[in-house]
Amino acid sequence: MSDVELFSFEACPYAQRTRMMLIEKDVEYALTEVDLYNKPDWWKELSPHGKVPLLRHDGGIVYESRVINEYLEEVFPEPALMPADPIHRARARIWIDYCDTYFLPALHNLIVDRHDEEKQIGNHKSIQDKLLFIEKEGLRKLSDGPFFMGSKLTLVDLQFMPFIERFPCYEELWGASIPDECIRFKEWVKAMQSRDSHKQTANPFEFHMERYSKYDKAA
Ligand SMILES: N[C@@H](CCC(=O)N[C@@H](CS)C(=O)NCC(=O)O)C(=O)O
């Protein structure tokens with residue numbers, strides 16, 4: 001039996017990517033919660049940059065959620081969570097990258113500019129444009145769904161889902177919205193919400209609101 005330990009934080013969407021991955025792969029693992037507000041000394045020694053998630057497997061350390069999930073895909077190949085043929089694998093990587101390089105920074109700007117009404121108008125448009133790009137260039141062209149790459153869930157779906165779970169807070173607090181044309185996107189959300197990996201790792205709207213509301217109270 002392999003020895004897998006995940007260092008995580010309940011509210012962290014990046015760590016949730018990896019918790020979902022381990023559930024999808026049906027890998028047994030030990031979960032260690034790290035108090036990020038009061039980092040213990042052992043954590044500072046273990047983690048090079050202090051961020052969760054961090055995976056320890058057979059004595060080796062891996063960090064960065066995307067790299068951890070790719071590593072888990074290699075060491076636990078079944079069920080496969082990447083497409084088999086190279087062109088589809090490349091496309092999956094393009095969308096995994098799109099999430100972190102384009103989509104997440106757009107969401108993050110909503111928090112950064114929360115006190116600037118003018119900038120928020122641009123931020124709302126930017127998020128809508130990105131969701132439409134995901135809908136038209138991603139979901140509709142890649143497959144018939146319900147997942148990004150087809151009938152089977154892949155790492156692409158895990159990359160996005162924790163942030164979409166939190167999207168209602170971005171709507172409620174900072175005025176983001178999903179365009180009506182994002183039909184496939186909404187079907188994708190439903191398909192993801194029905195996965196055990198999501199059900200077992202998701203937190204309710206109120207849980208996320210409590211955390212995100214703190215930004216609004218801060219200067
Ligand atoms: N790029 C990283 C981001 C991880 C990250 O930002 N984790 C946050 C919690 S959601 C964290 O550990 N923050 C603690 C810190 O920055 O000191 C990944 O994908 O794993």
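The values are calculated or read from the model by the stated rules, or taken from the named source; none is laboratory data. Everything numeric here is computed off the predicted structure, so don't read it as measured data. Glycine gets a Cβ as well: all are built from the backbone with ideal geometry, and neighbour counts include every protein chain shown.
For the reader, a short list of remarks on this structure follows.
- Members of region 1-28 that are among the basic types (Lys, Arg) and either assigned to a helix (DSSP H, G or I) or under 14 Å from the mean Cα position of the chain (by Cα) (or both): 17, 19
- Some residue of region 71-80 being assigned to a helix (DSSP H, G or I), in contact with a His (Cβ under 9 Å, 6 or more places away or on another chain) and hydroxyl-bearing (Ser, Thr, Tyr): yes
- Per-region count, region 46-66, residues exposed (fewer than 12 other Cβ atoms within 10 Å of the Cβ) and modelled with pLDDT of 95 or more: 1
- Failed item in (1) of a type in the set (Phe, Trp, Tyr); (2) touching a residue at least 24 places away in the same chain (Cβ under 8 Å); (3) over 20 Å from residue 201 (Cα atoms), with residue 37 passing the rest: (2)
- With respect to the stated conditions, residue 97 is without any contact (Cβ under 8 Å) to a residue 40 or more places away in the chain, on the phi < 0 side of the Ramachandran plot and within 15 Å of the ligand (Cβ to nearest atom).
- Residues of region 18-51 satisfying the condition of being closer than 23 Å to residue 96 by Cα and either β-branched (Val, Ile, Thr) or more than 11 Å from the ligand (Cβ to nearest atom) (or both): 18, 19, 20, 21, 22, 23, 24, 25, 26, 27
- Residue check, residue 25 outside the structural domain of residue 98 (by TED's automatic domain parsing) and under 27 Å from residue 212 (Cβ atoms): no
- Any hit, region 31-49, residues being under 15 Å from the mean Cα position of the chain (by Cα) and either assigned to a helix (DSSP H, G or I) or under 23 Å from residue 160 (Cβ atoms) (or both): no
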